[in-house]
Amino acid sequence: MILAIDIGNTNICIGGLEGDLIRFAFRMVTRPHCTPDEYTAELRFLLRRFQFEKAACTGAILCSVVPALSGPLAEAVRRLTGFEPLRVAHTLDTGLTFAIDAPERLGQDRIADAAGAAALYSLPCMTVDLGTASTYNVISADRRFLGGFIVPGVQTSLRAISAGTAQLPPIAPEAPARLIGKNTEECLNSGAVYGTAAMLEGLADRVEAELGAPLTVVATGGLARGIIPCCRRDILFDGDLLFKGLAVLYRRNRPR
């Protein structure tokens with residue numbers, strides 16, 4: 001089993017990966033100023049709930065979009081597993097070539113999503129991770145990472161509009177009861193959910209036209225389940241895409 005760590009802006013996701021199986025997964029709130037000692041203690045406590053045994057661990061991999069936390073979490077992983085975690089980067093054997101400017105600045109989560117999609121789904125493919133930011137990746141039929149799109153996440157947008165206006169309340173997005181909102185809360189919710197769905201399918205249609213080939217679209221992230229039913233084209237849901245991508249990257253780059 002390998003221990004996989006995904007450090008996001010809102011949550012840190014931890015998974016136990018065994019081959020193609022995800023034996024366990026849980027989340028911690030991202031806290032920017034925690035020390036290695038604090039993360040070690042919290043991880044040890046949470047891993048104990050899943051009967052994680054150091055002796056059964058054969059390696060670790062770490063993916064991060066919060067650079068300041070990469071070091072403290074890597075140190076915590078070393079203490080708990082005895083292994084230096086493999087760090088995700090474009091320089092790894094990803095199974096992809098990067099046809100973009102400055103690939104060293106590409107988010108590690110996007111690399112993992114793209115590596116997982118290229119290994120598991122028909123190409124060309126577009127992935128969308130609906131998290132704090134909504135990040136889109138486009139992978140060509142010949143396994144080139146072509147780039148993509150980044151837009152504010154659904155909840156991020158809702159928080160911003162609430163904070164910047166006097167009469168729009170904060171809400172949490174949920175499946176709309178109808179398309180056209182009948183009150184302020186419904187209008188905010190329907191606009192966020194159906195607006196995101198329309199953007200997703202609109203971008204997919206445009207990418208498909210530009211590539212000139214049928215496009216596989218894979219959605220992941222915490223809000224994907226609520227957005228996909230509002231789309232008018234086929235969207236595959238894979239809530240574990242990033243972990244699957246980390247498993248692919250570890251297999252291709254495992255220390256010998």
TODO: For segment 146-203, go through all pairs of different Cα atoms, get the mean of 1/r, take its inverse, and jot down that Kirkwood value in Å.
DONE: 12.2
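Taking all protein chains as present, what is the carbon and sulfur share of the accessible area of the chain, in % to the nearest whole number, probe 1.4 Å? Walk me through the intermediate numbers first.
Working: 6630 of 12610 Å².
Ligands and nucleic acids excluded, carbon and sulfur give 53 percent.
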- [ ] Go ahead and set up a Gaussian network model of the chain, Cα springs under 10 Å, then flag whichever of Leu69, Leu200, Leu211 fluctuates most.
- [x] Leu211
- [ ] Write down the accessible area per residue of segment 34-92 in Å², having rolled a 1.4 Å probe over the full set of protein chains.
- [x] 49
Open item on the list: On a full-extension model of 0.36 nm per residue, what is the gain between Ala175 and Thr156, subtracting their alpha-carbon distance, rounded to one decimal in nm?
Closed with: 5.1 nm
Open item on the list: Can you show me the helix-derived [θ] at 222 nm for the chain, built from DSSP H runs with n ≥ 4 at -39,500 (n - 2.57) apiece and divided by the number of residues, rounded to the nearest 500.
Closed with: -12000 deg cm²/dmol
Open item on the list: Binning at 10 angstrom from zero up to the longest distance, how are the C-alpha pair distances of segment 127-244 distributed in percent?
Closed with: 13, 43, 31, 11, 2, 0
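P(r) tail for segment 14-61, what percent of Cα pairs lie past 16 Å? Let's see the in-between values first.
Numbers: 494 of 1128 pairs.
In whole percent, the share of Cα-Cα pairs in segment 14-61 beyond 16 Å is 44.
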- [ ] Apply the Debye scattering formula to segment 2-145, with a single equal point scatterer on each alpha-carbon and no solvent, then give log10 I(q)/I(0) at q = 0.12, 0.14, 0.15, 0.19 Å⁻¹.
- [x] -0.51, -0.69, -0.79, -1.18
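The values are calculated or read from the model by the stated rules, or taken from the named source; none is laboratory data. These numbers were taken from a predicted model, which means no experiment stands behind them. Accessible surface areas use protein heavy atoms only, side chains included; no ligands, DNA or RNA. Shrake-Rupley method; radii C 1.70, N 1.55, O 1.52, S 1.80 Å.
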